[in-house]
Amino acid sequence: MTTTTLHAIFTLPAVFGIKVATLDSVMTFQRIAAVMREHPDKLLITGEDRFLGYSLMMGARSALIGMGAALIELQASLLRSFASGDDRAFLRLFCAAGCVQPGDVPRSRGRLHPTHAVGRSPRRA
């Protein structure tokens, strides 16, 4: 979608925002975020599991991502720390969330390992 098309879409009164989920294209997200800065009344919703923290830093004000179904507390904590300006917690959670790759979620007896949500690796038995 071209930048001109995006601007045209965002001028429509019925459009309140856009959800961006490119899977791995940081450059596409950056381009769309730049367009969104010219439409501050519109909402940028990130769908970027693989760079959630960065997408918030680029201007996303909401998130609708698959990781939220598996790592609920990690996602919620990341969003809270960003909104509150807790840079130290945001950076720690940003690193934990950024290390999540498809199919690479630590598991313990078939469930998500709880230590992953706080950025620690599970101990090996």
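The values are calculated or read from the model by the stated rules, or taken from the named source; none is laboratory data. Only a predicted model underlies this, so the values are computations on that prediction, with no experimental measurement involved. Cβ atoms come from the backbone with ideal geometry, glycine included; neighbour counts cover every protein chain shown.
In summary, VAL105 fulfils each of the numbered conditions (1) outside any helix (DSSP H, G or I); (2) modelled with pLDDT of 55 or more with the single exception of condition (2).
Of everything in region 13-30, what is assigned to a helix (DSSP H, G or I) and either among the hydrophobic types (A, V, I, L, M, F, W, C) or more than 16 Å from the chain's Cα centre (by Cα) (or both)? Give them in sequence order. Those that are assigned to a helix (DSSP H, G or I) and either among the hydrophobic types (A, V, I, L, M, F, W, C) or more than 16 Å from the chain's Cα centre (by Cα) (or both): VAL26, MET27, PHE29. Selection over region 40-59 of residues that are in contact with a Leu (Cβ under 9 Å, 6 or more places away or on another chain) and not in a helix (DSSP H, G or I) gives a count of 8.
Looking at VAL118, is it over 16 Å from the mean Cα position of the chain (by Cα) and modelled with pLDDT under 85? So VAL118 passes the test. Out of all the residues in region 59-68, is one or more surrounded by fewer than 17 Cβ atoms within 10 Å (Cβ to Cβ) and at pLDDT below 75? Within region 59-68 (the criterion being surrounded by fewer than 17 Cβ atoms within 10 Å (Cβ to Cβ) and at pLDDT below 75), the answer is yes, since at least one residue qualifies.
Does THR46 count as under 21 Å from the mean Cα position of the chain (by Cα) and polar (S, T, N, Q)? Yes.
In region 11-24, the condition of being touching a helix residue (DSSP H, G or I) at 6+ places or on another chain (Cβ under 6 Å) and aromatic (Phe, Trp, Tyr) is met by no residue.
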